[in-house]
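The next block holds one structure in the form of structure tokens; read it before the comments.
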Amino acid sequence: MRCKACLCGEAGERLAELLEEKVIELGLRLRDYRVMPDRVYLAVSAPPTVAPHRIACQIKAHTSRVLRDEFVEMTRIPTLWTRAYMVFGGEHFTADQALAEFEALQPPRRPRGRPRKL
């Protein structure tokens with residue numbers, strides 16, 4: 001998700017419904033998910049014949065289209081989802097561990113506005 005907190009209230013609830021629908025449509029098993037104001041954690045069980053990239057792309061494309069159709073304020077953002085995603089294999093990761101690992105890998109954000117002259 002872009003670093004803009006737009007998944008609050010009805011948009012977050014609708015995203016949760018869309019995630020559940022799309023995971024079932026793809027033939028996967030939903031293990032856990034968390035919808036936060038600016039990002040989403042999704043844990044699914046998939047057969048080894050389904051590529052993680054395909055799962056991420058399918059879910060992002062479906063949810064982006066539907067959310068932008070239903071919530072006009074999301075059309076003001078250039079793109080709803082970034083290309084970033086992280087894949088973990090196995091069942092020993094918790095949501096908190098995965099989110100902490102993802103945060104650690106993100107590049108530092110530069111402050112808003114013009115840089116000050118020294």
- Restricted to segment 30-69 and to residues being of a type in the set (Gly, Ala, Ser) and in a strand (DSSP E or B), the residue surrounded by the fewest Cβ atoms within 10 Å (Cβ to Cβ) is Ser45
- Message: For segment 74-93: of the residues being part of a helix (DSSP H, G or I) and surrounded by 11 or more Cβ atoms within 10 Å (Cβ to Cβ), which is nearest to the chain's Cα centre (by Cα)?
- Response: Met74
- Could you please give the count of residues in segment 94-118 that are assigned to a loop (DSSP other than H, G, I, E, B) and either open to solvent by less than 50 Å² (accessible area, probe 1.4 Å) or in contact (Cβ under 8 Å) with a residue 40 or more places away in the chain (or both)? 1
- Limited to segment 12-25, what total is found for residues that are open to solvent by less than 40 Å² (accessible area, probe 1.4 Å) and either in contact with a helix residue (DSSP H, G or I) (Cβ under 8 Å, 6 or more places away or on another chain) or among the charged types (D, E, K, R) (or both)? 5
- Verdict on Gly9 being modelled with pLDDT of 90 or more, at positive phi and either touching a helix residue (DSSP H, G or I) at 6+ places or on another chain (Cβ under 8 Å) or surrounded by fewer than 12 Cβ atoms within 10 Å (Cβ to Cβ) (or both): no
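The values are calculated or read from the model by the stated rules, or taken from the named source; none is laboratory data. Only a predicted model underlies this, so the values are computations on that prediction, with no experimental measurement involved. As a convention, Cβ positions derive from the backbone with ideal geometry for all residues, glycine included, and neighbour counts pool all protein chains shown. We work out accessible area using only protein heavy atoms, side chains counted, and drop any ligands, DNA or RNA first. Shrake-Rupley method; radii C 1.70, N 1.55, O 1.52, S 1.80 Å.
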